[in-house]
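Please read the structure below before turning to the comments.
Read the figures in this text as sums done on the coordinates, not as results from a lab. Values in this document were obtained by computation on a predicted structure and should not be read as measured data. Don't worry about glycine lacking a Cβ; one is built from the backbone with ideal geometry, like all the others, and counts go over all protein chains shown.
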Amino acid sequence: MFTPTFPIEDLPSGNKKCTTINGIELMIVNVNGNVYATQKSCSHAQTDLSEGNLEGCIIECPLHGAMFDVTDGRVLSLPAITPLKTYPAKIENGVIMVDVPEPESATEPTNA
Ligand code: FES
């Protein structure tokens, strides 16, 4: 289910912004008017990717320099080898919406 985050006017093209939905920390990026959502932390050593340099659709990790394509999460350079998780994102009525799965229940209901 898509969840509203913040107005697109708060995220001009070429910028990134973070939010948390369903306990998942996200980085939302505006690339030429299209919005993309990925996990906030680098897949290499969990550094905050939003502190990194964004050029077009490529984000560079500020710690060890791995690069990722934010449009699909794929790794473009080492030392990271695991792609970023990505989440469907769209703009609706001027608001950025992101589809993040609901957390799974930790315990199954019992019939006891
Ligand atoms: S923590 Fe991002 S490349 Fe190492």
Can Gly52 be described as on the phi < 0 side of the Ramachandran plot and either within 16 Å of the ligand (Cβ to nearest atom) or not small (Gly, Ala, Ser) (or both)? yes
Can you say whether Glu92 is closer than 22 Å to Pro12 by Cβ and without any contact (Cβ under 8 Å) to a residue 12 or more places away in the chain, as far as the supplied structure shows? no
Scan the range 1-41 for residues that are over 19 Å from Gly52 (Cα atoms), surrounded by fewer than 16 Cβ atoms within 10 Å (Cβ to Cβ) and either touching a Gly at 6+ places or on another chain (Cβ under 8 Å) or aliphatic (A, V, I, L, M) (or both) and report the count. 3
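Just to verify a result, which residue in the range 55-74, among those that are more than 8 Å from the ligand (Cβ to nearest atom), more than 13 Å from the chain's Cα centre (by Cα) and surrounded by 14 or more Cβ atoms within 10 Å (Cβ to Cβ), is nearest to Lys17 (Cα to Cα)? Spell out the reasoning first.
The first filter runs over the range 55-74 and keeps only residues more than 8 Å from the ligand (Cβ to nearest atom), leaving 55-60, 67-74.
Okay, now just the ones that are also more than 13 Å from the chain's Cα centre (by Cα), so 55-56, 60, 67.
Remaining after also requiring surrounded by 14 or more Cβ atoms within 10 Å (Cβ to Cβ): 60, 67.
Working: Glu60: 15, Met67: 18 Å.
Going through the qualifying residues, I end up with Glu60.
For the range 1-56, list the strands (runs of 3 or more DSSP E) that sit wholly inside it and hold at least 2 residues that are among the hydroxyl-bearing types (Ser, Thr, Tyr); which are they?
Numbers: elements: 2-7, 16-21, 24-31, 34-39, 53-55.
The qualifying strands (runs of 3 or more DSSP E) are 2-7, 16-21, 34-39.
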